[in-house]
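Each remark here refers to the structure printed beneath this line.
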Amino acid sequence: MYISWNWDMIEERRKNSYNHLKNFFIFDIETVKDDDMFDSIATEKEIEKDKNGEFLPVPFHRIVSVSVMIIKDKEIKHFRTISTSNENEALKFFWLNYKEAFDFEKKVDHRDGVKKLHISSFPVLVSINGKSFDIPVITVRTLKHISSIEDKLRKFISIHLDKFDNWEKEYPKYTYKYSRFHIDIPEDIFGRKLSLKNLCYLCNIPVKQEGKGEEVAEMFRNGDKKKIALYCSEDVLATAKLFAYINEHLLYNSYNFPESRQLDGIEPEIIILD
């Protein structure tokens with residue numbers, strides 16, 4: 001049966017669809033070429049791509065910086081960035097912060113009557129092209145270091161990969177292209193890959209004061225980890241401001257997200273490791 005919609009009905013449906021989404025995890029990574037892997041197994045085609053400055057397949061991207069911002073109930077809980085030559089530490093940093101973006105409560109398990117820790121709120125990931133690059137890189141590169149990640153944290157990696165709730169009625173399906181629990185701004189809002197720089201320009205949001213993406217490898221070779229961390233942090237802050245702007249002006253505050261002015265002047269906690 002056809003339903004005739006009015007604005008109040010649309011707002012109510014939006015509220016019912018999005019109001020329970022109160023935790024947000026904004027993230028970005030910076031990578032360099034994994035030289036050891038490349039020298040060992042790169043094909044002639046991949047070697048040619050590298051010579052031409054073309055983008056290499058996901059597994060060849062070694063993570064050297066991760067920046068995250070956690071927002072809960074419109075409150076910025078923290079804004080942290082790590083820059084390191086130890087990819088294992090970068091990945092642990094990502095997954096630990098990912099876990100921290102969940103909410104938990106102790107409840108009785110109806111199956112056995114025992115009080116256990118339950119997930120009460122799952123985070124919504126917010127990224128720029130994160131579905132096609134950042135998350136595939138993070139999950140693929142995690143394979144290399146999985147044996148050193150403790151079991152408690154590994155469970156949250158497995159939660160990210162779960163697919164048993166096809167319609168996301170009660171449980172996220174993070175790897176699903178159209179998941180409500182990962183808002184890849186270019187793809188999910190504008191329907192195609194777009195750069196953060198271009199989108200921010202249209203909204204008068206400052207971005208990219210510390211360099212360009214192609215300069216990360218040179219920064220890394222020069223040992224300038226702090227500059228990489230600041231560069232990565234700028235992307236996360238700009239992504240958060242962009243989503244806030246879109247939420248205010250295009251989505252009529254459908255999401256429980258802070259206003260863009262609340263994100264002004266915040267500084268990241270920077271962690272530099274060898």
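When residues of segment 136-155 are filtered for being closer than 18 Å to Ile29 by Cβ and open to solvent by 20 Å² or more (accessible area, probe 1.4 Å), how many remain?
Summing the residues that are closer than 18 Å to Ile29 by Cβ and open to solvent by 20 Å² or more (accessible area, probe 1.4 Å) in segment 136-155 gives 7.
Could you tell me which residue of segment 213-231 is nearest to Asp274 (Cα to Cα), considering only residues that are of a type in the set (Asp, Glu) and in a helix (DSSP H, G or I)?
Glu218
Determine the pairs where a residue that is at positive phi, located within segment 118-146, has a partner that is open to solvent by less than 30 Å² (accessible area, probe 1.4 Å) with Cβ atoms under 9 Å apart, the partner being 6 or more residues away or on another chain.
Note: pairs meeting the criteria are Asn129/Asp184; Asn129/Ile185; Asn129/Pro186; Asn129/Leu196.
Working carefully through the options His118, His160, find the one that is surrounded by 12 or more Cβ atoms within 10 Å (Cβ to Cβ), in a helix (DSSP H, G or I) and in contact with a Phe, Trp or Tyr (Cβ under 7 Å, 6 or more places away or on another chain).
His160
Residues checked against (1) open to solvent by 10 Å² or more (accessible area, probe 1.4 Å); (2) within 14 Å of the chain's Cα centre (by Cα); (3) acidic (Asp, Glu):
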residue	(1), (2), (3)
Phe27	no, yes, no
Asp36	yes, no, yes
Ala42	yes, no, no
Ile63	no, yes, no
Asp73	yes, no, yes
Phe79	yes, yes, no
Phe94	no, yes, no
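More than 25 Å from Val124 (Cα to Cα) and within 20 Å of the chain's Cα centre (by Cα): is that true of Ile228 in this structure?
So Ile228 passes the test.
Residue check: is Glu170 modelled with pLDDT of 95 or more and either acidic (Asp, Glu) or within 21 Å of Phe79 (Cα to Cα) (or both)?
It is false that Glu170 is modelled with pLDDT of 95 or more and either acidic (Asp, Glu) or within 21 Å of Phe79 (Cα to Cα) (or both).
On the given criteria, is Glu89 exposed (fewer than 14 other Cβ atoms within 10 Å of the Cβ) and in a helix (DSSP H, G or I)?
no
If Arg111 satisfies every condition in (1) out of contact with any His (no Cβ under 8 Å at 6 or more places or on another chain); (2) closer than 26 Å to Phe38 by Cα; (3) not hydrophobic (A, V, I, L, M, F, W, C) but one, which is the exception?
That leaves (2) as the condition not met.
The values are calculated or read from the model by the stated rules, or taken from the named source; none is laboratory data. Remember, predicted model here, so these are calculated numbers, not experimental data. Positions of Cβ are generated from backbone atoms using ideal geometry, with glycine treated the same way; all protein chains shown enter the neighbour counts. Heavy atoms of the whole protein, side chains included, go into the accessibility calculation; ligands, DNA and RNA do not. Shrake-Rupley method; radii C 1.70, N 1.55, O 1.52, S 1.80 Å.
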